[in-house]
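Structure first, then comments.
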Amino acid sequence: MGHPVLRARARPIEPAQIGSPRIQQLIDDMFETMQEYQGVGLAAPQVHLSLRVFVAGFAPNGDDDEDEESGRGVPRMALINPEITPIGAELVEDWEGCLSIPDIRGRVPRSREILVKAYDRRGKRIEVKAGGFTARVIQHETDHLDGVLFLDRMKSFQTLTFLDEFGRYWSGPDSEPVKVE
Ligand SMILES: [Zn+2]
């Protein structure tokens, strides 16, 4: 946080460039970085590249592509030039963190369900519905492409919490571990 690229609107990637070695390598590197830091998602501005691409994926039980509604699993995805439309007006509040804002957690309202239009890493135009935690992660990462951080989305800073205190007071035995995004 504080690097200007995190506050800039990132540039779209030309669809014809998606298959290029540069973009393919970038996506591979971003998946690797996300896993190294145990994140659920990572957007290009977080590695100081102002491009509209993010990666995400999280398998809480070691399963791939766990159903998004059944838990906090997030299917593995690399989305390019994503556009989000909320489905309905319902908002849900939950904890978020961010690799660019280390060791801080806060509760953020997000649309419960969204429609996402994007390109996948093969350059194919896709349109998917997402709900629950997956919808939250996609909204968080797409915000990064517009220079928006989760702090900007909080209704108040009353729930802003250090990771130590989060572990002590707010992640009870019933809660899933909250991972950084
Ligand atoms: Zn983030």
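The values are calculated or read from the model by the stated rules, or taken from the named source; none is laboratory data. The model shown is predicted, which means the values in this text are computed figures rather than measured ones. Virtual Cβ from ideal backbone geometry, glycine too; neighbours counted across all protein chains shown. Note: accessible area is taken over every heavy atom of the protein model, side chains too, but ligands, DNA and RNA are not part of it. Shrake-Rupley method; radii C 1.70, N 1.55, O 1.52, S 1.80 Å.
Just the number, please: carbon plus sulfur as a percent of the accessible area of the chain, 1.4 Å probe, no ligands or DNA/RNA counted. Accessible surface attributable to carbon and sulfur in the chain totals 49 percent. The modelled label-to-label distance between Phe162 and Glu127, using points 7 Å beyond Cα along the C-beta direction, is 4.9 nm.
Of the residues Gly132, Val40, Leu91, the one whose Cα sits farthest towards the positive end of the charge dipole of the chain is Leu91 (charges of +1 on Lys and Arg Cβ, -1 on Asp and Glu Cβ, taken about the Cα centre). Toward the positive end of the charge dipole of the chain, with +1 on the Cβ of Lys and Arg and -1 on the Cβ of Asp and Glu, the farthest Cα among Ser111, Phe166, Ala10 is that of Ala10. Computed over the chain, the per-residue total of -39500 (n - 2.57) for DSSP H runs of n ≥ 4 gives a 222 nm mean residue ellipticity of -5500 deg cm²/dmol, rounded to 500. The magnitude of the dipole of the chain, with charges of +1 and -1 set on the Cβ of Lys/Arg and Asp/Glu and taken from the Cα centre, is near 740 debye.
Loop-located trypsin sites (Lys or Arg not before Pro) in the range 1-51 (DSSP state other than H, G, I, E, B) with a sparse environment of at most 15 neighbouring Cβ atoms within 10 Å: Arg9. For the chain, the longest principal axis of the alpha carbon atoms and the long axis of helix 132-145 meet at an angle near 60°. May I ask you to derive the relative contact order of the chain, considering only C-alpha pairs under 8 Å and at least 6 residues apart, and to give it as an integer percent? Answer for the chain is 25 percent. Per residue, the chain exposes 52 Å² of accessible surface when a 1.4 Å probe is rolled over the protein heavy atoms with every protein chain present. One decimal place: the segment Arg9-Glu36 gains 7.1 nm when fully extended, by the rule 0.36 nm per residue minus the C-alpha distance.
Quick one: helix 21-36 against the long Cα principal axis of the chain, what's the angle to the nearest 10°, folded into 0 to 90? Tilt of helix 21-36: around 20 degrees. Which of the three applies to the range 1-149, rounded, prolate or oblate, going by the alpha-carbon gyration tensor with a ≥ b ≥ c and a/c under 1.5 meaning rounded? Rounded, because the longest to shortest axis ratio a/c is under 1.5.
If you bin all the Cα-Cα distances of the range 84-144 at 5 Å, starting from zero, the percentages per bin are 4, 17, 26, 22, 14, 11, 5, 0. Would you please give the FRET efficiency between Ser171 and Arg76, computed as 1/(1 + (r/R0)^6) with r the Cβ-Cβ distance and R0 = 25 Å, to the nearest 0.05? Step by step, r from the Cβ atoms, then E = 0.55.
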